[in-house]
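Contents: one structure, followed by commentary.
The values are calculated or read from the model by the stated rules, or taken from the named source; none is laboratory data. For clarity, every value in this text was computed on a predicted model and none was experimentally measured. All Cβ positions, glycine included, derive from the backbone under ideal geometry; neighbour counts span all protein chains shown.
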Amino acid sequence: MKANGLSRWAVAVSATLVLGVEAMGQEPNAPAAMIQVETAQVKRTIVVSLEDRKLALVEDGQVKKVYTVAIGKPSTPSPVGTFTIHRRVKNPVYQHEGKVVQPGPGNPVGTRWMGLSIKGYGIHGTNEPKSIGKAASHGCIRMARKDLEEMYEMVHVGDTVELIGQRNEETAQLFGEQKPAMVEQPVVVASAYPVTTTSEVANETLAAAN
């Protein structure tokens, strides 16, 4: 009888230890789960004002960052409309009309590519840093390397991207008063769904480089 009593006591202690270990194992996971849910619920929008040549990263209605960008030149204007980030590529390989440029200082799209849901257009870097702030691209949105790499880490596939051609109440609130120099230079914009595209990444034939 004593043996049985000891056995029952041992079983009870073992069960208590197992439950305690399981509880300890679950505690660290709970905050992670909560963080994942919170992250999934964040509404993130990238707003680009073509007239201002500015990009704002907005999270849950609050401006997180504002960057100066380059937009499409008059002969190859940027599209307008609401799109999403379709893919993200680090150190992309540039391919266009048979030309292939590996990752490096000479790559026309820089170190990051965020392709949009409108085929052939994206947000990327440049090998011409002096073009930032100008209407100089083939329709894509160019960013300075430091800004590009910072924003790349803060956005995700599926995030909304608004390309706005003419200033409105939203862009005025985001970017403030328009500079006089920009008022004199009306922005030419492309159709959101062009028949053909002269984008900097034809048919978005980009491949990630290891």
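In summary, VAL201 fulfils each of the numbered conditions (1) within 13 Å of TRP113 (Cβ to Cβ); (2) modelled with pLDDT of 95 or more with the single exception of condition (2).
Identification of strands (runs of 3 or more DSSP E) wholly contained in segment 70-175 with 1 or more residues that are touching a residue at least 12 places away in the same chain (Cβ under 8 Å) yields 81-90, 92-96, 112-116, 122-124, 135-137, 141-143, 160-164. Which one is farthest from the chain's Cα centre (by Cα) among residues in segment 128-149 that are acidic (Asp, Glu) and surrounded by 15 or more Cβ atoms within 10 Å (Cβ to Cβ)? Residue satisfying both the conditions and the ranking: ASP147. Here VAL161 clears all of (1) under 18 Å from VAL66 (Cα atoms); (2) modelled with pLDDT under 85 except the condition numbered (2). Of all the listed residues (GLY61, GLY122, GLY110), the sole one being modelled with pLDDT of 95 or more, touching a Lys or Arg at 6+ places or on another chain (Cβ under 8 Å) and small (Gly, Ala, Ser) is GLY110.
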